[in-house]
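Written below as structure tokens is the structure these notes are about.
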Amino acid sequence: LSRRAGREGLDMIIATCRTLNEERNIERFCQYYSEIADLILIADGGSQDHTISLAQQFPKVHVENFEKTVERSGVVRNPHGEHMNFLWNWAIRENAEWIIFDDCDSIPNIYMRQDLPLLFSNHDINTIKVRRLYLYKDQGYFHNMSFAGYARWAWRSDIPIRADESDPWQHCVISPQEIENEFLVKPPACLLHFSWPDDEEIQRKADFYKVAKELPDDGTWHPTKFGGELKPIPDWAKL
């Protein structure tokens with residue numbers, strides 16, 4: 001494996017994120033990922049709010065426009081796979097050793113941020129998988145969704161992980177069938193995913209996914225219908 005120097009001689013760590021009108025989330029994302037990454041690359045899909053100007057307040061953040069869109073039933077979005085691959089290709093050009101990919105409304109909690117320097121400096125680890133706590137307002141988190149499995153969150157840039165570009169409305173990552181030395185980060189270290197902070201965001205996501213995923217307009221799209229058991233947020237799930 002190649003070794004690209006980041007801060008203090010450590011491997012270069014680059015966090016990547018897609019945005020489209022994310023002014024409610026972008027400052028939190030940039031603040032906490034600035035603790036982890038040498039660079040934060042944001043591919044903005046045409047935000048009409050203050051997403052870009054807020055992101056550019058942070059010294060480590062670089063923003064590029066990703067202008068390609070698709071449309072269905074009046075809903076416009078950036079094609080999933082091409083948007084993701086745009087980011088990862090950019091990270092490689094910036095000499096990333098580690099690539100992190102996360103959503104703008106997701107943050108590593110304090111325990112995860114404390115553990116990461118040891119993980120990134122371990123040359124025997126090729127990818128890092130984590131648990132996500134899917135948060136619902138300030139009422140709790142969906143336990144079944146959160147503990148259904150581990151999500152790949154970071155990988156060495158020479159691992160050939162790509163996004164499937166065949167369906168622009170679907171999020172599908174293609175990776176080698178077997179990747180050696182995948183590390184599972186276990187709670188209390190986790191990602192905090194502020195998925196549904198209030199009724200306005202719940203409705204916004206519902207309006208989008210009813211078109212993107214062609215869901216029926218029968219209320220089953222509401223997170224309390226598909227999220228499973230709602231449990232109180234544990235003490236260790238903190239920023």
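The values are calculated or read from the model by the stated rules, or taken from the named source; none is laboratory data. For clarity, every value in this text was computed on a predicted model and none was experimentally measured. Cβ sites come from the backbone with ideal geometry, for glycine too, and all protein chains shown count toward neighbours. Keep in mind that these areas ignore ligands, DNA and RNA; they rest on the heavy atoms of the full protein, side chains included. Shrake-Rupley method; radii C 1.70, N 1.55, O 1.52, S 1.80 Å.
For the stretch 206-225, taking the residues that are closer than 19 Å to C172 by Cβ and among the aromatic types (F, W, Y), the one that is most open to solvent (accessible area, probe 1.4 Å) is identified as Y209.
What's the total number of residues in the stretch 47-85 that are within 18 Å of the chain's Cα centre (by Cα) and either at positive phi or charged (D, E, K, R) (or both)? Here the count works out to 4. Condition check for I92 on (1) of a type in the set (V, I, T); (2) open to solvent by 30 Å² or more (accessible area, probe 1.4 Å); (3) farther than 29 Å from I125 by Cα: one failure, at (3). Of all residues assigned to the stretch 226-239, none qualifies as being exposed (fewer than 13 other Cβ atoms within 10 Å of the Cβ) and among the small types (G, A, S). Condition first: in contact (Cβ under 8 Å) with a residue 24 or more places away in the chain, open to solvent by less than 70 Å² (accessible area, probe 1.4 Å) and within 23 Å of I13 (Cα to Cα). Now tell me which residues in the stretch 63-79 satisfy that. Residue satisfying the conditions is F66 alone.
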